Structure formats: C-alpha cells, structure tokens
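What follows is a single structure, written as structure tokens, with notes after it.
The values are calculated or read from the model by the stated rules, or taken from the named source; none is laboratory data. Keep in mind the model is a prediction, meaning the values are calculated, not measured. Using ideal geometry, Cβ is built from the backbone for each residue, glycine included, and neighbour counts are taken over all protein chains shown.
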Ligand SMILES: NC(=O)c1ccc[n+]([C@@H]2O[C@H](COP(=O)([O-])OP(=O)(O)OC[C@H]3O[C@@H](n4cnc5c(N)ncnc54)[C@H](O)[C@@H]3O)[C@@H](O)[C@H]2O)c1
C-alpha cells in the first residue's frame with residue numbers, strides 16, 4: 001500500500017497514524033519536537049490496545065505499530081507519500097509556513113491535507129505553486145474512533161484531488177463527506193453550533209436546566225443520531241415522508257427560527273452551567289469521566305460496526 005506522511009505527532013497526528021497504520025498503510029510520522037516523536041509510539045500503542053479489546057482491530061498492536069516510522073527529517077518523511085496529513089498548531093502563520101515547506105518538498109502528485117479545525121485552506125495555500133493539490137481534511141477527535149472526515153476544497157483545489165483524497169480516506173476505513181465550497185466552521189461545527197446556541201438560550205431564559213437539556217439529547221434525539229441524520233429522521237417521521245413532514249411541521253420550525261437571536265455565552269449563565277456540571281459530576285473528576293466517555297464511545301462504534309457487517 002502507498003505511503004502516508006503525517007506531519008505533527010500531537011493528539012491528532014498520532015490518531016491519524018493509528019488510522020492509516022491499522023488499515024495497512026506504511027506511515028511516516030514527523031514532528032520537529034524530539035519529545036513528541038519519542039512519546040508517539042506509546043500514544044499509538046495506548047490507542048490500539050483498547051481497540052483490540054473491543055474487537056475494532058484484530059491484528060496485534062505491535063504489528064500495526066511496526067508500520068509507523070518516526071522521522072525527524074521532513075524531506076525523508078515526505079518521500080514517496082501519496083497523502084500528507086498536516087496536524088501542526090492551529091494558527092494561520094503555522095499553517096502557511098508548513099504548507100510552503102510541504103509544497104516544496106513533497107512529491108508533485110502528493111495530496112496535501114490539513115486537519116485544521118476551522119482555518120479555510122484558501123488562507124494558507126493561495127500563493128503556493130501546488131495549491132491545486134491542497135485541501136482541508138478535518139477529523140473529529142479522535143479519528144481513530146470517530147470515522148467522519150470533512151473534505152473542504154479551497155476555490156482552486158482540483159476536483160480530481162478531492163476525489164483521490166475521498167478514496168484514500170474511505171480506503172482507510174474513514175467516512176469522508178464532501179463540502180462543496182469553503183464556509184466558516186465547515187459542516188460539523190456549524191451543526192453543533194446551531195444546537196448549542198439553542199441549548200444556551202433555553203437554559204438562560206429559564207425554560208430548562210442544563211441537566212435536563214442534556215437528557216433531551218442523550219435519552220431522546222441522540223439515540224437515533226448514532227445511526228441516522230436529521231434528514232433521514234424527518235423522512236421517517238411522517239407517513240408521506242420528508243415533504244409531508246415539512247408541510248406538517250415546517251411553519252412551527254420557521255416560527256422558532258425567527259425567535260432565535262444570536263447571543264454571547266457569558267456570566268452569569270456560565271456560573272449556573274458550571275455549578276450544574278459540578279453537581280452532575282458528583283465528585284468524579286473530569287479525566288475519569290473522559291475515560292468513561294471514551295470507553296462508551298468505543299463500545300458504540302464496535303456495536304455499529306457489528307450491525308453494518310450483518311453480525
Ligand atoms: N484536538 C482536537 O480535538 C482536534 C480535532 C480536529 C482537528 N484538530 C486540528 O488538528 C491540528 C493539531 O491539533 P492537536 O490537538 O493534535 O495539537 P497538538 O498540540 O497536540 O499537536 C501539535 C503537534 O505539532 C507539532 N508541530 C508544531 N509545529 C510543527 C512543525 N512546523 N512541523 C512539525 N511539527 C510541528 C508540535 O510539536 C506538536 O507535537 C490543529 O490544526 C487542530 O485544530 C484538532
């Protein structure tokens with residue numbers, strides 16, 4: 001299989017290395033910080049072992065880890081790569097600097113993808129000779145568990161590059177979605193932002209507290225959302241399908257949308273939310289709850305995988 005170069009061996013870089021190595025790709029992982037490179041094998045190993053325990057991988061983690069080389073020389077990392085996945089600091093200057101080097105050093109037909117959470121590719125690739133091969137490949141943390149990756153072109157990204165990128169991510173077991181043109185926040189953060197904005201308004205205006213609001217998702221809407229999106233949900237929620245649903249409930253949602261004014265998220269609402277969160281944690285510390293979350297997520301992903309393979 002063809003080589004993947006991962007640039008930056010932090011949280012996301014190590015997770016991408018895990019994704020491609022477990023799919024069988026040879027991976028070169030590069031970082032300018034020697035300490036980050038030193039810690040990376042342990043980080044990848046710690047991700048792989050629980051995946052093996054829940055059946056999300058079947059190979060020995062040591063075999064998978066052997067596919068990753070930890071490289072302190074950028075040119076060496078890029079040599080022969082078909083996809084370069086960048087994961088350095090989230091600033092425009094850092095992205096500009098690393099993309100100029102990637103464009104100069106990577107094989108001419110290699111795809112250059114950034115994991116950026118919110119910086120459009122047009123703001124750091126415009127002046128590059130190879131700008132047509134640059135895009136954003138935005139993962140959801142951690143990509144080793146959450147398969148979605150949003151692919152966002154700059155205005156000058158070649159559509160054949162987008163298609164090749166889609167095929168590589170899908171071949172590695174991820175679920176790419178194609179964003180047709182740049183937009184702030186891409187798709188996932190815009191959807192999450194719309195829900196959060198309404199949740200903040202409802203709590204601030206005293207209609208519900210944050211604990212019950214969370215239940216509305218985890219014991220209500222969210223149960224379906226693990227296996228279908230909002231359009232399929234409404235298509236199945238009216239006898240005549242999506243048009244029928246929109247005719248019945250569209251006016252209600254239009255009224256609600258008209259009431260929604262943008263608001264900043266600040267004190268005193270934040271005091272209330274913090275109080276309610278501390279109470280909900282009930283003495284458990286946040287890192288312990290984060291480990292609990294990751295375990296539950298892993299079981300859910302394993303369940304979905306089993307259903308999809310007909311098991
Ligand atoms: N953390 C998340 O939840 C998340 C989710 C999706 C996308 N992202 C995006 O992924 C990218 C990386 O985030 P992270 O959380 O892994 O950060 P991180 O701080 O954990 O890792 C960044 C790594 O990049 C290295 N680095 C910095 N400059 C470099 C350079 N010029 N060359 C090589 N290595 C360099 C650092 O030494 C560090 O190891 C960011 O753009 C971030 O927005 C993060």
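Assess whether residue 4 counts as being assigned to a strand (DSSP E or B) and away from the ligand (no atom under 15 Å from the Cβ). In short, yes. The residue of segment 17-41 that is farthest from the ligand (Cβ to nearest atom), among those that are part of a helix (DSSP H, G or I), within 19 Å of residue 73 (Cα to Cα) and touching a strand residue (DSSP E or B) at 6+ places or on another chain (Cβ under 7 Å), is 41. Take the residues in segment 74-113 that are within 11 Å of the ligand (Cβ to nearest atom), surrounded by fewer than 17 Cβ atoms within 10 Å (Cβ to Cβ) and assigned to a loop (DSSP other than H, G, I, E, B); name whichever of them is farthest from the chain's Cα centre (by Cα). The qualifying residue farthest from the chain's Cα centre (by Cα) is 91. Among residues that are over 30 Å from residue 302 (Cβ atoms) and not assigned by TED's automatic domain parsing to the domain that holds residue 117, residue 202 is included. When segment 42-52 is filtered for residues that are within 14 Å of the ligand (Cβ to nearest atom) and either assigned by TED's automatic domain parsing to the domain that holds residue 295 or crowded, with 16+ Cβ neighbours inside 10 Å (or both), the ones remaining, listed by number, are 43, 44, 47.
Within the span defined as segment 242-251, every residue fails to be surrounded by 12 or more Cβ atoms within 10 Å (Cβ to Cβ), within 30 Å of residue 85 (Cβ to Cβ) and not assigned by TED's automatic domain parsing to the domain that holds residue 109. Regarding residue 207, is this residue over 29 Å from residue 118 (Cα atoms), surrounded by 11 or more Cβ atoms within 10 Å (Cβ to Cβ) and without any contact (Cβ under 8 Å) to a residue 12 or more places away in the chain? The answer is no for residue 207. The number of residues in segment 235-287 that are part of a helix (DSSP H, G or I) and under 24 Å from residue 194 (Cβ atoms) comes to 28.
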